[in-house]
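S.K.: Questions regarding the structure given below will be posed in turn.
Rule-based calculations on the coordinates, nothing more; no lab input. It should be emphasised that the depicted structure is a prediction, and the values quoted were computed from it without experimental measurement. Heads up, the Cβs are rebuilt from the backbone with ideal geometry, glycines too, and the neighbour counts pull from every protein chain shown.
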Amino acid sequence: MSPRKAADGAFLPEDFVVPTLVAGPRFQIRPITVHDVVKDYGAVIGSLERLAGRFGPEWGWPDREFTFEQALIDVAWLQKEGQLRRSFSYVVITPDGERQLGRIHVAPSDRPDADAVVVFWVRADEENSALEKELEEFVREWVQTAWPFDEVRFPGRD
């Protein structure tokens, strides 16, 4: 059953088990938590121009005056959204967990022609690298095989 067709109006069927730790070829992904804020802040701050260009004014993120305090609020909010099963955010990290490479967000679509919207990014110093291409291939396959969606939008990538 498509999530947008769930009887209770939920984003995901109640019995769906949300993916947690997933290993890719040169990275792993796992749900974001407040414990990620230091690495996440570094990845965002080092990629401000790139992220602002990708997400644009309609998202309002990240603000040019993005502070560590705001990063903590944002990451805590993303963690809570996952706990409530409203949207899901993942950190993309090196296999040893030492460096954050980017993020993935899975959220309900506001358009009737799609169940979900998936947005992901890699830090600026990985832009146009083999990693970015690998991550895109991985995310598309992962969403198709591990999530219960019929139609998915990839804004900025389709």
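S.K.: If you take every DSSP beta bridge fully contained in the chain, what fraction is antiparallel? Give it as a percent rounded to 5.
M.R.: Looking only at bridges with both residues in the chain, the antiparallel portion is about 90 percent.
S.K.: Using amide H atoms built 1.01 Å from N in the peptide plane, name the residues 5+ places from V117, or on other chains, whose amide H lies under 5 Å from its own.
M.R.: Amide H neighbours of V117: A107, S109, R153.
S.K.: Find how many whole Å separate the alpha carbon centroid of segment 124-158 from the alpha carbon centroid of segment 79-99.
M.R.: Centre-to-centre (Cα) distance: 15 Å.
S.K.: In whole Hz, what ³J(HN,Hα) sequence does segment 97-109 give by Karplus (6.51, -1.76, 1.60; θ = phi - 60°), x for Gly and Pro?
M.R.: Residue by residue, segment 97-109 yields x, 7, 9, 7, 9, x, 8, 10, 10, 10, 9, x, 7 Hz.
S.K.: For a quick check, take a GNM of the chain with Cα springs below 10 Å and name the residue from E141, E98, E81 with the largest mean-square fluctuation.
M.R.: Result for the chain, Cα springs under 10 Å: E98 fluctuates most.
S.K.: Another one. Students often get this wrong, so try it: which of [x] -0.50, -0.92; [y] -0.62, -0.92; [z] -0.35, -0.93 is log10 I(q)/I(0) by the Debye sum over Cα atoms at q = 0.10, 0.16 Å⁻¹ as calculated from the structure shown?
M.R.: It is the one labelled [z].
S.K.: Hey, another quick one. Per-residue counts of other Cβ atoms within 10 Å, averaged by peptide: what ranking do you get for 144-151, 16-23, 87-94, 132-139, highest first?
M.R.: Highest to lowest by the protection proxy: 87-94, 132-139, 144-151, 16-23.
S.K.: Which order, highest average first, do 64-74, 110-120 follow once you tally other Cβ atoms within 10 Å for each residue and take the mean per peptide?
M.R.: 110-120, 64-74
S.K.: Whole-Hz Karplus ³J(HN,Hα) for segment 69-78, in order, using 6.51 cos²θ - 1.76 cosθ + 1.60 and θ = phi - 60°, x for Gly and Pro?
M.R.: Along segment 69-78, the couplings run 4, 5, 4, 4, 4, 4, 5, 4, 4, 4 Hz.
S.K.: Okay, next question. Please give, to one decimal in nm, the separation of the simple spin-label points placed at D158 and R64, each 7 Å out from Cα toward the Cβ.
M.R.: 3.2
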